[in-house]
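What follows is a set of notes on a single structure, which appears directly below.
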Amino acid sequence: MTNTELLQLKKPGRKPHGMAAVLLPFEVDGRVAWDALAACVRETHDAGLIPAINMDTGYCNYLTDAEHDEVIEKTRQALPAGGRFAAGAYVEGRDGDLLGLYRKRLTAIASKGGIPVVIQSSRAHGFTPVEKAKLYADICRGFPEVIGFELGKVFAPNGEIWDDETFVRMMEIPTLTGSKHSSLDRMVEIRRLAMRDQHRPEFRVYTGNDWGIDMIEYGSDYLLGLATFSPAKFAERDRLWAIGDPAYYALSDALQYLGNIAFRAPVPAYKHSAAKFLHLLGKIPSDLAHPKCPARPMWDVDILRDCAVRLGLL
């Protein structure tokens, strides 16, 4: 694809639909910081973004089902009546029938008013496109809205990026209204957008490319871990793009600078960067990540402080 063709794909004046994958914060003694979580959820909602909990940013792979449910309940309580949220349905490593496991998690989320996000299981990696689409159709049946999730292995071993046939078949599931795409490869995502426009224009492709947050310029929506660093700045960026204000570019560049630093290798350590950044801003009580999460060095906070200054947050 040529530069000219890429430029023709851009969609100025389109306001993206934004979600932020909320960080699960910790107290200095290692307990979950529930008050800080509630504050982060409310801040995300007040900025006009949908908070997404129990995602990778919320350490979904380290929590029990009971802990997932507690995060859901605390989120529901933090939001005003009718406040929307999304929540990851994580079943990797659980014993039992795969469909039954997913249906149980989706019920736990939807019963509290949340939008379920189907996080992939390695048990489906060997399925054909037809088999995968059937599994997802059975998972989604009876729920008003479900979001899929393509997750690159750089984030987690249970993830996979679908082939084109699987993606098209997923779009044929009526209640699967969108899918988060985390390949970190903008050309793959652009192909997704072209297939979306051809087969189901209302289907949302939520970019998970924290190395390329300008994918909104091409018609992606977003569900980003990076957005938890500053939901208000992401909301401001979205508004500037929608109205065609040139100030969009400087703000987008500053957010991408933060994304490049926070999501450097090892990529899963971005959650520790998020904790350091939010603690630096006084939004959470410690800079602790989950003890199983890869750690960043102590000097990481000095680079993150520069990011915060560039964004006008310090």
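Of all the criteria given as (1) among the basic types (K, R); (2) in a helix (DSSP H, G or I); (3) without any contact (Cβ under 8 Å) to a residue 24 or more places away in the chain, the one not satisfied by R264 is (2).
Please work out which residue is surrounded by the fewest Cβ atoms within 10 Å (Cβ to Cβ), limiting yourself to segment 46-60 and to residues that are assigned to a loop (DSSP other than H, G, I, E, B) and touching a Cys at 6+ places or on another chain (Cβ under 9 Å). Ranking the qualifying residues of segment 46-60, first place goes to Y59. Could you check R196 against (1) assigned to a helix (DSSP H, G or I); (2) touching a strand residue (DSSP E or B) at 6+ places or on another chain (Cβ under 6 Å); (3) open to solvent by 60 Å² or more (accessible area, probe 1.4 Å) and say which number it fails? Result: R196 passes all but (3). Scanning segment 219-247 for residues that are small (G, A, S) and not in a helix (DSSP H, G or I) yields a total of 5.
Here Y249 clears all of (1) among the aromatic types (F, W, Y); (2) open to solvent by 20 Å² or more (accessible area, probe 1.4 Å); (3) at pLDDT 95 or above; (4) in contact with a strand residue (DSSP E or B) (Cβ under 8 Å, 6 or more places away or on another chain) except the condition numbered (4). Scanning segment 14-45 for residues that are of a type in the set (D, E, K, R), in contact (Cβ under 8 Å) with a residue 12 or more places away in the chain and part of a helix (DSSP H, G or I) yields R42, E43.
The values are calculated or read from the model by the stated rules, or taken from the named source; none is laboratory data. Predicted model, so just to flag it, every value in this text is computed and none were measured. Counting neighbours? That spans all protein chains shown, and the Cβs are built from the backbone with ideal geometry, glycine included. Protein only, heavy atoms only, side chains kept; ligands, DNA and RNA dropped before computing areas. Shrake-Rupley method; radii C 1.70, N 1.55, O 1.52, S 1.80 Å.
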